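Step one of this worksheet: look at the structure below.
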């Protein structure tokens, strides 16, 4: 009986010591090590790839934003604020009906086949809007110039980037709306055009949030 109690106590003691050691290693030391490495080597990415303007965080370079005008009376769908560069359509985004205190963005794709009539109608309407919005006096936009990313949403609906072709298509409209020389806006797009990752992965791209932050600085500094 005494041996049984002694063995049980010894096993419990060993188990508790193992629990404390593992808790210290996996619950304290390992997280501190990983956090330290992340902050030291990849601080920007570890903190959410924040984009700042005037000392404030205005978003993440990983998540697309909408640049719309405030809703007017009786208006259900906001109109784009055409003084800014616009991102991809966001038809796949869900609506936050759970926590209305915060304007959460819920990602999601349209999940419609290429021959789905509703999707076809969306694309046609989006192309017509891109042509209309970006045509300025002396520089009309032809439907054939509209790239695919201008009229289709990404799989998540939160794509932060657009193609250089779509960014350049918006240059004349942005310059006209902000009273800027076209050449200055073209230079802005060129500076914010990123090449393929490691030179061969993905496609060239332009981050819309970072481009608009630079545009705002250009407008305020002219």
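The values are calculated or read from the model by the stated rules, or taken from the named source; none is laboratory data. Because the structure is predicted, anything quoted here is derived from the model rather than measured. Cβ atoms come from the backbone with ideal geometry, glycine included; neighbour counts cover every protein chain shown.
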All positions within region 123-158 that are surrounded by fewer than 21 Cβ atoms within 10 Å (Cβ to Cβ) and either under 16 Å from residue 207 (Cβ atoms) or not assigned by TED's automatic domain parsing to the domain that holds residue 193 (or both): 149, 154, 156
Residue list for region 174-188, filter: in contact with a helix residue (DSSP H, G or I) (Cβ under 6 Å, 6 or more places away or on another chain) and either surrounded by fewer than 20 Cβ atoms within 10 Å (Cβ to Cβ) or more than 22 Å from residue 58 (Cβ to Cβ) (or both): 175, 178, 182, 186
Which residue is farthest from residue 77 (Cα to Cα), if the candidates are limited to region 104-134 and must be in a loop (DSSP other than H, G, I, E, B) and in contact (Cβ under 8 Å) with a residue 12 or more places away in the chain? 111
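For residue 177, state whether it is part of a helix (DSSP H, G or I) and in contact (Cβ under 8 Å) with a residue 60 or more places away in the chain. Before the answer, list the steps.
On the way: part of a helix (DSSP H, G or I): yes; in contact (Cβ under 8 Å) with a residue 60 or more places away in the chain: yes.
Spelling it out, residue 177 is indeed part of a helix (DSSP H, G or I) and in contact (Cβ under 8 Å) with a residue 60 or more places away in the chain.
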Which numbered condition in (1) more than 22 Å from residue 159 (Cα to Cα); (2) surrounded by 10 or more Cβ atoms within 10 Å (Cβ to Cβ); (3) in the same structural domain as residue 209 (by TED's automatic domain parsing) is the only one that residue 14 fails? (3)
Selection from region 1-55 of residues outside any helix (DSSP H, G or I) and either in contact with a strand residue (DSSP E or B) (Cβ under 6 Å, 6 or more places away or on another chain) or under 29 Å from residue 213 (Cα atoms) (or both) yields 47, 48, 49, 50, 51, 52, 53, 54, 55
Which of the residues that make up region 140-163 are within 18 Å of residue 189 (Cα to Cα) and outside any loop (DSSP other than H, G, I, E, B)? 145, 149, 150, 161, 162
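Identify, from the list 168, 173, the residue that is in contact with a strand residue (DSSP E or B) (Cβ under 8 Å, 6 or more places away or on another chain) and modelled with pLDDT of 95 or more. Working first, answer last.
Working: 168 fails: in contact with a strand residue (DSSP E or B) (Cβ under 8 Å, 6 or more places away or on another chain).
Testing whether each residue is in contact with a strand residue (DSSP E or B) (Cβ under 8 Å, 6 or more places away or on another chain) and modelled with pLDDT of 95 or more leaves just 173.
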Just a yes or no: is a residue in region 59-75 closer than 26 Å to residue 177 by Cβ, modelled with pLDDT under 85, touching a helix residue (DSSP H, G or I) at 6+ places or on another chain (Cβ under 7 Å) and not in a loop (DSSP other than H, G, I, E, B)? yes
